[in-house]
Amino acid sequence: MKAGYVMERLREVRSAPFDPQAVFDELSRVESMISEEVCRLGPVRLVFGEDDEAELLAGPPYDGMYLHYLCAKIDQMMQEYQSANTEMIVFNGLYDEFAKWYRRTHLPRRGAEVTPCV
């Protein structure tokens, strides 16, 4: 799924009076979180207006997490806390399932050694 498509879908499901730059920054934040915490690729910075065609890390069937995360953030900004909590519950479920899938399908090579963090 591409970043621009997520923003387009968000406009279809939520009509928020917020700056698209601020919402795109939230998308960048969640993509960076996935990149660092799940994929161990390091931080990611999506740039508004330049990265609309950027392919996001989580694909189907987990890609819905981006929309739920952004909906939760918009609901939170609009002080719709019950809706924000519901959206975050769905996001967290998809995020956890994606993390489990990613770790299952990206196992280290046989004989790889784990070094403890200091």
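The values are calculated or read from the model by the stated rules, or taken from the named source; none is laboratory data. In this text the structure is predicted, and so the values were computed from the model without any measurement. Methodologically, a virtual Cβ is constructed for each residue, glycine included, from the backbone with ideal geometry; neighbour enumeration extends over all protein chains shown. Surface accessibility is based on the protein's heavy atoms, side chains included, excluding ligands, DNA and RNA. Shrake-Rupley method; radii C 1.70, N 1.55, O 1.52, S 1.80 Å.
Remarks
- Among residues of segment 17-31, those that are open to solvent by less than 20 Å² (accessible area, probe 1.4 Å) and either in contact with a strand residue (DSSP E or B) (Cβ under 6 Å, 6 or more places away or on another chain) or modelled with pLDDT under 95 (or both), counted: 2
Residue by residue, here is whether (1) at pLDDT 95 or above; (2) over 16 Å from GLU26 (Cα atoms); (3) crowded, with 16+ Cβ neighbours inside 10 Å; (4) not aromatic (Phe, Trp, Tyr) holds:
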{"residue": "GLY42", "(1), (2), (3), (4)": "no, yes, no, yes"}
{"residue": "GLY49", "(1), (2), (3), (4)": "no, no, no, yes"}
{"residue": "ILE74", "(1), (2), (3), (4)": "no, no, yes, yes"}
{"residue": "GLN79", "(1), (2), (3), (4)": "no, yes, no, yes"}
{"residue": "PHE98", "(1), (2), (3), (4)": "yes, yes, yes, no"}
{"residue": "ARG104", "(1), (2), (3), (4)": "no, yes, no, yes"}
{"residue": "ARG110", "(1), (2), (3), (4)": "no, yes, no, yes"}
{"residue": "VAL118", "(1), (2), (3), (4)": "no, yes, no, yes"}
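- Flag if ILE34 is open to solvent by 40 Å² or more (accessible area, probe 1.4 Å), modelled with pLDDT of 95 or more and among the β-branched types (Val, Ile, Thr): no
- As for segment 75-84, it holds at least one residue that is of a type outside the set (A, V, I, L, M) and not in a helix (DSSP H, G or I).
- For segment 40-55, the criterion of being part of a helix (DSSP H, G or I), touching a residue at least 24 places away in the same chain (Cβ under 8 Å), on the phi < 0 side of the Ramachandran plot and not hydroxyl-bearing (Ser, Thr, Tyr) is met by none of the residues.
- Of all residues making up segment 16-25, the number that are touching a residue at least 40 places away in the same chain (Cβ under 8 Å) and farther than 13 Å from GLY4 by Cα: 2
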